Structures are given as C-alpha cells and as structure tokens.
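Okay, structure first, notes after.
The values are calculated or read from the model by the stated rules, or taken from the named source; none is laboratory data. Since the structure is predicted, the reported quantities are computational estimates derived from the model, not experimental observations. So basically every Cβ, Gly included, is an ideal-geometry build from the backbone, and we count neighbours across all protein chains shown. Calculation scope for accessible area: heavy atoms of the full protein, side chains included, ligands and nucleic acids excluded. Shrake-Rupley method; radii C 1.70, N 1.55, O 1.52, S 1.80 Å.
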Amino acid sequence: RGPLGDVFALPALNAGERHEVAVIGLGTGACAAYARPERPITFYEVDPTVARIAVDPTLFTYLTACGGEHVRVVVGDGRLQLAKEHDGQFAVIVLDAFSSDAVPMHLLTREALALYIDKLAAGGLLAFHVSNNQLDLVAVLADLAAELNLQGRYARDLVREEDVLNGYWPSIYVVLSTYVVLSTTEAPLSELNSIDRWRRLPPASGRRAWSDDFSDII
C-alpha cells in the first residue's frame, strides 16, 4: 500500500510481458514479494553479511518464500555490478540504500544516474527510496533530474489512523517512507498522477548537482 506498491501496480508492469527488475540494497529481501515468473528480481548487496542473513530461511523468508527461483542475489557494489548488465535490460531499477546517516553518494551522482538510464528498457523507471531523517534527498534528485532532462514524481507515505490500526508501526515518525521516481519521458509516470500522494518534483534549486568528483551535503 506504499509508494513502491504504486509503482509495481502500474498497468505497464502488469501486462503479462517479461519485466526484469533490479534492486540495489537487499536488506531483509522484502522487495522479493513483488517477484513474479514474468517479473524476476536481481538484488545487488555490497555487504556479504547482509546477504547471508537475508537468504537464511530461519531468519527471514522473503527470498525463499516469496521470490524463490525468480530472485537472484549478487554480492558487490551495486553500481559496479549493474554496469556489467546489458543495456536496456530492466523495466524498473529500485535504489534502496539511502536510509542511514551515511548515504552512499556514489549512487546519487550524475554519472550514476546516466548508468541507470543506460540499463533501463524503453519506458523504464528509476525508483529511489530516499527516506532519511537527516538529508532531503528529494532535492538532490530534483537537481539531478533537471540536469539530465528527466521527468519525475515523489511521494511521502504519511501515517494515517487507519494504517496504525491495520498494523503499521509509526514510532515517532509521521512519514513512513519517501520515494522518488524518474523516467526519460513523461508517459510512464502519467498513471501516478491519479494517486493523491504523488507530486511533481520541485524545480531545480540552482545548486551544483552531485557528480563523481563533487558532492556536498551542506
């Protein structure tokens, strides 16, 4: 029911055709719940310990019970490993590595986004999970989108009373998750316009966009 659910519910991703998905950042492997025979998912995880924990069914069962044979895990830096894949291979690339206070900036640079775009199929989507208590990464991606002439939307999944009653645990936070979705054209994003929480990206700030030789959180 969150923003990533909105993305995977898009009609273009449920037309019965094969749509490969890449996810940078494994965690417990919860995104494997979106895997289907026609929607295989490849996870890229830099930490072998995280990968070992996620694939252990005595600890977490997303990969085994949900993904099964339709999921693979590649251990290594996500950007470097993704560079080895075929251009145009993925319908969706999900980047889920930004929730800590030590953000992997090399995944959020002009050169990184150019690589992701090369790996997207026509009409593909980049989905960034940018929930963070320290940094406003929506603004960073808005600047990058403007520089690379990308179209974008963002959504903040807010806690509602009925969500708490249905099992969400908001702790002290009002925002459950924040997502940014980018595409080279407007068409793949049009279906999100009818969902209230999705908004167009804010205009570029005029700040220098992050690149491999420049990033400044100030």
Ignoring trypsin sites (Lys or Arg not before Pro) that are buried or in helix or strand per DSSP, and keeping those with at most 12 other beta carbon atoms within 10 Å, what is the longest stretch of the chain between them? 85-159
For the chain, calculate the relative contact order in percent as a whole number, restricting contacts to Cα pairs under 8 Å that are 6 or more residues apart. 20
Could you work out the relative contact order of region 76-164, using alpha carbon pairs under 8 angstrom and six or more residues apart, expressed as a whole percent? 32
Quick one: dipole size for the chain, taken about the Cα centre, charges +1 on Lys/Arg Cβ and -1 on Asp/Glu Cβ, in debye to the nearest 20. 220
Which percent of the accessible area of region 1-100 is formed by carbon and sulfur heavy atoms (probe 1.4 angstrom)? 55
Using a 10 angstrom Cβ neighbour count of at most 12 plus a DSSP loop assignment to flag exposed GluC sites (Glu not before Pro), which longest range of the chain is free of such sites? 18-185
Solvent-accessible area per residue for the chain (1.4 angstrom probe, square angstrom): 51
